[in-house]
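Okay, structure first, notes after.
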Amino acid sequence: MIFGPCRGTLYGVPKPNRISPAGAKHVAPDQSATYLHDSARLAAIVESSDDAIVSKTLEGIITSWNNGAERIFGYTAKEMIGRSITVLLPTERLAEEDSILNRLRNGERIDHFETVRLTKDGRRVDVTISVSPIRDSSGAIVGASKIARDVTERNAAQAAIMLAEQRLKMAAEAAKIGFWERDLVTGQLISSTESARIMGIAESERRPEDNALNIHPDDREMVRAKIDQAIQSRTSYELECRVIRPDSSICWVEGRGRAIYNSQDQAVRLLGTVVDISERKSNEDSARRRDVELAHLSRVSAMGNMASGLAHELNQPLGAILNYATVGQNLLRAKPVQAEKIQDVLESVMNETRRAGAIVSRVRVFVSKQTLKSLPVALNEMVDKAVHFVEFDMREQGVTVRVSPAKKEVWVLGDAIQIQQVLVNLMINAAQAMDHNHQADRSLVIEIQAVNERMARVSVIDNGPGMTAEQFSRLFEPFYTTKLQGLGLGLNISRSIVENHGGRLTAEANPAGGMRFSFTLPLKPE
């Protein structure tokens, strides 16, 4: 969208000319006031955006520059309007601008192009850029609108995931579950406090592989073989072995874990948990108390993984607002002024603004931290909200979602956010299971029904390839996953949430192909 560089602009939004050219129709006073009001609102939206919103000509000359651009790049609008966009490009990336302009002249839109730009003080910042061609009233391409995002937000999301992992470790230690991590390249071993206590080792040290965890000499070969097999087969392992502590005492421990792989498909880290078997019974009460924390951390981690998708989803209404505003400007320049069409454009701008606000609200509610609340929940309504929450991910993966609601609203007792978390997790798993299906053959069905006078059931049905016998038998094990980057905790946490609500999470093969995951919840008493 081109805001200027005509004279009489405020932050790139044109001030309306109160004197019409000879022979032109005058805009009615009430229409002019509406335009001024909505133009001011649009200017406020653009200027309050954290993203850089910039427009330029087809020669790369900057014609508008918002506060977000000033915040990211350090230049004021006065310094940049009228200058070439290449001021922001490092020397080795100057050819990018020619490529971008050529694609724009051909009518192409550039979505989420990741690159590097320079700030006023010479710093290099990583940004993602979306660029759209701008057409005049005749359809000719006359410029481009660009939205640039500083991906330090992505780093912040990654930091949030790391913080969530630390909190998860703290919660696990409260339940006397030890966490440890080994760097397979350097041999560095990092243990949680509880893991170090159980295994009799320091919290951070380098050790030869054989005695890394003070494993009894008679058990080392078995442990090594199981871990090697898990790494090669990309599965998790589970074992029991003896450990010799520094005071020469021997205890039996139960260990579980899996490897993490780099982009070259090489195992680079080994993550695991360890539990003193003699204390297993005492852990049950603590495990129940940590479920709420684990559920919250799982939601935060999910939002970290969905961060780029949410950023894209927010960019859509923002980009639409820019495009609608451009159309409105062109309509205002047309003779005669088409008031009815301008009103339609302004209504579209307001709708897109509301859509962006709704996206932010959904995220805020989903990641809110709260204790378990047993309140009446309308299942049909809750399912609709959960489906809407993952709508972008489903659309991106080509998955068609169909909801079969209960004929009469079904009310259950429970925590709406945690129940929604279970459903979101099952839908995402189902979509990923259909990843290898043909694009037109990815169907997900959600069924809601009252089972009897005490329980209700929600089922998530996919038409993916199903599961092998081994996968099915280990489905709810912690750290067991068939995903390359998964940790294998989603289904385990979901089962804990459902059981804490007095229900049950089950899985079975779907007769028509794929899988059916169902969970039950107690109905609200009359």
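With all pairs of different alpha carbon atoms counted, what Kirkwood hydrodynamic radius in Å does region 138-273 show?
By the Kirkwood definition, the hydrodynamic radius is 17.3 Å.
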Review point. Which entries in Lys385/Lys408; Lys385/Lys407; Lys408/Lys524; Lys146/Lys335 show an alpha-carbon gap greater than 25 Å?
Key: Lys146/Lys335
**Study point:** Most to least packed among 229-238, 428-437 [average Cβ atoms within 10 Å]
**Key:** 428-437, 229-238
Study note, to complete from the structure: With a 1.4 angstrom probe the carbon and sulfur portion of accessible area for region 373-526, in percent, totals 51
Exercise for review: Check cross-link reach from Lys176 to the aspartates and glutamates: straight Cα distance under 12 Å, and skip same-chain residues fewer than eight apart.
Suggested key: Glu194, Asp276, Glu279, Glu284, Asp285
Point to revise | Hz values of 3J(HN,Hα) by residue in region 62-77 - Karplus curve (6.51, -1.76, 1.60), Gly and Pro given as x | key: 6, 10, 8, 7, 8, 5, x, 5, 5, 5, 6, 9, x, 8, 7, 4
Review point. Which residues' amide hydrogens lie under 5 Å from the amide hydrogen of Gly143, considering only partners 5 or more residues apart or on another chain, with H built in the peptide plane?
Key: Ile134
Exercise for review: Give the ranking of Asp121, Asp462 by solvent-accessible surface, highest area first, calculated with a 1.4 Å probe.
Suggested key: Asp121, Asp462
Study note, to complete from the structure: The answer for Lys176, listing residues at least 5 apart or on another chain whose modeled amide H is closer than 5 Å to its amide H, is none
Check your understanding: Once amide H atoms are built 1.01 Å from N in the peptide plane, which residues 5 or more positions from His112, or in another chain, come under 5 Å H to H?
Key -> Ile129, Ser130, Val131
Practice item. Sort 262-269, 99-106 for me by packing, meaning the mean count of neighbouring Cβ atoms within 10 Å per residue, highest on top. Key: 99-106, 262-269
Practice item. Scan region 107-180 for trypsin sites (Lys or Arg not before Pro) in coil per DSSP, keeping those whose Cβ has at most 16 other Cβ atoms within 10 Å, and list them by number. Key: Arg109, Lys120, Arg123
Practice item. Quick one: what are the phi-derived ³J(HN,Hα) couplings along region 511-519, Karplus 6.51/-1.76/1.60 with θ = phi - 60°, whole Hz, x for glycine and proline? Key: x, 8, x, x, 10, 10, 9, 10, 9
Review point. So which of Lys78/Lys341; Lys120/Lys341; Lys56/Lys341 end up more than 30 Å apart by C-alpha?
Key: Lys78/Lys341; Lys120/Lys341
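The values are calculated or read from the model by the stated rules, or taken from the named source; none is laboratory data. Keep in mind that what you see is a predicted model, and the values were worked out from it rather than measured. For neighbour counting, all protein chains shown are included, and Cβ atoms are generated from backbone atoms with ideal geometry for every residue, glycine included. Please note that ligands, DNA and RNA were not included when accessible areas were found on the heavy atoms of the full protein model with its side chains. Shrake-Rupley method; radii C 1.70, N 1.55, O 1.52, S 1.80 Å.
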